[in-house]
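First up is the structure itself, then whatever we jot down about it.
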Amino acid sequence: MNRLSSFNVVSLTLGFVFLYVPMLILVIYSFNASKLVTVWAGFSTKWYGELLSNEAFLVAAWVTLRVAVISSSIATVLGTMAAYVLVRGGRFFGRTLFSGMIYAPLVMPEVITGLSLLLLFIGIGLDRGVLTIVLAHTTFSMCFVSVVVSSRLVTFDRSLEEAALDLGASPWDAFRLVTLPIIAPAVISGWLLAFTLSLDDLVIASFTSGPSATTLPMKIWSSVRLGVSPEINALSTILIGLVAVGVIVASLASKHAAVRAKRDEQAAARAA
Amino acid sequence: MRRAVLIAVPYVWLLALFLIPFAVVFKISLSDIALAIPPYMPTAKDGIWNMLSQLDFENFIFLTEDDLYWKAYVSSLQIALISTLFALLVGYPMAYAMARAPEQWRPTLLMLVILPFWTSFLIRVYAWVGILSGEGFLNQFLLWIGVVDSPLTILNTNTAVYIGIVYTYLPFMILPIYSALDRLDGSLIEAAEDLGCSRIKAFWLVTIPLSRNGIIAGCFLVFIPALGEFVIPSLLGGSGTLMIGKVLFEEFFSNRDWPVASAVAVILLLILIIPIVLFQRNEQKQVEAEG
């Protein structure tokens with residue numbers, strides 16, 4: 001069972017080459033001195049310098065970051081509430097519609113979500129800008145948060161909550177002191193997912209933003225439509241680097257937490 | 001009381017920003033284009049009854065008459081289907097190898113599959129522009145090893161779109177298949193082999209049927225988003241690449257024909273309902289099978 005045949009090794013190797021070589025090329029050529037992106041002309045970091053002195057990119061990055069932080073935070077609160085209602089809410093009027101509205105945005109094509117929100121915003125006369133992008137991003141990412149959190153809530157031992165309630169905690173205290181710490185990892189990964197989705201979104205932001213707010217993906221889009229540019233390679237390298245660091249830190253942290261939990265468990269077993 | 005608030009807040013949010021917008025799209029799809037702001041008529045300003053009486057299915061009739069749209073839907077389905085098939089062909093062997101890899105490697109392999117998903121989608125598609133172009137890396141490589149004499153035209157064709165879709169959605173194919181194969185009881189395959197099945201026959205008769213749910217889930221997870229894809233055909237496809245997401249985007253932003261764009265969206269949604277329902281049924285079955 002645990003021996004890989006040569007076919008397995010080959011398919012894994014080719015698969016990972018396919019997944020990683022394009023990004024690797026992007027990273028390598030961001031350090032290319034030449035403006036021609038397919039000809040190597042020596043090592044240089046000048047595109048990073050140009051990128052950092054390009055004010056339009058910095059402004060767009062700041063807009064994107066603000067939108068992502070605000071929308072993912074609201075989405076985490078709303079998504080956690082929605083997950084709680086779905087898993088613990090019991091029956092209520094319109095429950096089917098509610099769960100439908102949670103799952104539908106996950107598979108909805110972005111062009112449709114973007115178009116429908118834009119038409120709504122125009123219909124009610126809301127000026128398009130940072131606020132409308134935040135509303136749009138919150139709406140679709142709260143559904144992702146809700147799916148992540150509810151998968152944790154389903155496996156959660158309900159008697160812990162009941163014990164807190166029996167011992168006199170108010171429902172809010174039981175949630176805050178018992179439930180929340182236990183589902184915290186899922187809530188945090190929900191926030192991270194919402195944050196990444198917001199950072200990454202081009203289509204919905206293009207529909208819902210106005211002239212006053214351009215996000216980084218929109219800025220990247222308008223320059224990559226004209227072809228490959230070394231500045232965008234530099235920007236991509238920075239973004240890929242940030243994600244790689246983030247994922248490695250997160251996996252080390254969860255490993256650390258797992259080790260600690262195991263140690264606590266062993267200590268508890270010894271004490272008993 | 002508290003419970004009511006807990007239910008009401010996310011409920012009202014989704015009603016206002018998910019369901020009502022669809023009603024708006026549907027209403028505008030029944031309207032006519034107008035030289036006004038907003039560029040359609042009638043609007044609620046004309047009075048509700050007056051507005052309702054002027055709505056009609058004209059735009060939908062227009063869509064069936066102009067074969068651009070008809071072709072765009074068919075070609076989106078075709079591109080999504082072919083890409084899904086290729087993603088399965090690439091993804092299944094990878095998922096299979098991951099499930100057979102030594103236990104201590106699996107978390108790392110899983111992380112390597114998930115990592116690209118966290119990286120910007122736009123950047124991953126953009127990476128292929130430099131690889132597939134006429135003087136790009138793929139052509140340089142092929143010329144260097146002498147497989148071709150002159151550069152191949154890949155960028156701005158449907159082939160580039162297939163590559164782009166397979167590349168960006170591959171993790172969605174691998175993960176459900178991997179989780180199905182991971183749960184598969186290895187002794188069943190051993191039993192088949194002991195009973196005289198060849199390796200390959202055991203694979204076809206035991207492994208594939210037992211990973212069927214994973215295959216179905218993976219295929220839908222690639223097919224559904226690929227159908228409405230906009231970024232990949234716009235960046236990698238050519239002028240001949242017709243995909244409905246691109247048509248909708250251009251109809252809206254270039255032609256500014258909002259009623260027709262809305263009608264295109266309504267039909268896309270109707271087409272998508274079928275695979276989405278099938279997908280949910282598959283998931284439901286899987287949950288029941290486990291429970």
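Residues that are within 10 Å of chain B (Cβ to nearest Cβ) and over 25 Å from B:Arg2 (Cβ atoms) number at least 2 in the following helices (runs of 4 or more DSSP H) confined to region A:84-202: A:95-107, A:110-123, A:130-154, A:180-200. State whether the residues of region B:217-237 include one that is touching a residue at least 24 places away in the same chain (Cβ under 8 Å), surrounded by fewer than 13 Cβ atoms within 10 Å (Cβ to Cβ) and part of a loop (DSSP other than H, G, I, E, B). No, every residue in region B:217-237 fails to be touching a residue at least 24 places away in the same chain (Cβ under 8 Å), surrounded by fewer than 13 Cβ atoms within 10 Å (Cβ to Cβ) and part of a loop (DSSP other than H, G, I, E, B).
Does any residue of region A:12-32 turn out to be assigned to a loop (DSSP other than H, G, I, E, B) and either out of contact with any strand residue (DSSP E or B) (no Cβ under 8 Å at 6 or more places or on another chain) or surrounded by 13 or more Cβ atoms within 10 Å (Cβ to Cβ) (or both)? The answer is yes; a qualifying residue exists. Among the candidates B:Ile28, B:Ile61, B:Ile20, single out the residue that is in a helix (DSSP H, G or I), free of Cβ contacts under 8 Å to residues at least 12 places away in the same chain and within 14 Å of chain A (Cβ to nearest Cβ). Answer to the selection: B:Ile20. Tell me, yes or no, whether region A:211-233 has at least one residue that is over 20 Å from the mean Cα position of the chain (by Cα), crowded, with 21+ Cβ neighbours inside 10 Å and not in a helix (DSSP H, G or I). Yes, region A:211-233 contains a residue that is over 20 Å from the mean Cα position of the chain (by Cα), crowded, with 21+ Cβ neighbours inside 10 Å and not in a helix (DSSP H, G or I). Exactly one condition in (1) buried (at least 16 other Cβ atoms within 10 Å of the Cβ); (2) at pLDDT 90 or above; (3) among the small types (Gly, Ala, Ser) is not met by A:Ala163; state its number. Just one mismatch for A:Ala163, condition (1). The residue that is nearest to A:Ile74 (Cα to Cα), counting only those in region A:203-214 that are in contact with an Asp or Glu (Cβ under 9 Å, 6 or more places away or on another chain) and within 11 Å of another protein chain (Cβ to nearest Cβ), is A:Ile204.
Of the residues in region B:254-277, at least one is assigned to a helix (DSSP H, G or I), surrounded by 21 or more Cβ atoms within 10 Å (Cβ to Cβ) and polar (S, T, N, Q). One residue stands out in region A:215-234 among those that are free of Cβ contacts under 8 Å to residues at least 12 places away in the same chain and farther than 19 Å from A:Asp200 by Cβ: the one that is nearest to the other protein chains (Cβ to nearest Cβ), namely A:Gly227. Counting only helices (runs of 4 or more DSSP H) wholly contained in region B:90-147, no element carries 1 or more residues that are more than 9 Å from every other protein chain (Cβ to nearest Cβ), in contact (Cβ under 8 Å) with a residue 60 or more places away in the chain and in contact with a Gly (Cβ under 8 Å, 6 or more places away or on another chain). Looking across region A:33-55 at every residue that is surrounded by 14 or more Cβ atoms within 10 Å (Cβ to Cβ) and within 11 Å of another protein chain (Cβ to nearest Cβ), the one that is nearest to B:Phe141 (Cα to Cα) is identified as A:Thr38.
The values are calculated or read from the model by the stated rules, or taken from the named source; none is laboratory data. Since the structure is predicted, the reported quantities are computational estimates derived from the model, not experimental observations. Using ideal geometry, Cβ is built from the backbone for each residue, glycine included, and neighbour counts are taken over all protein chains shown.
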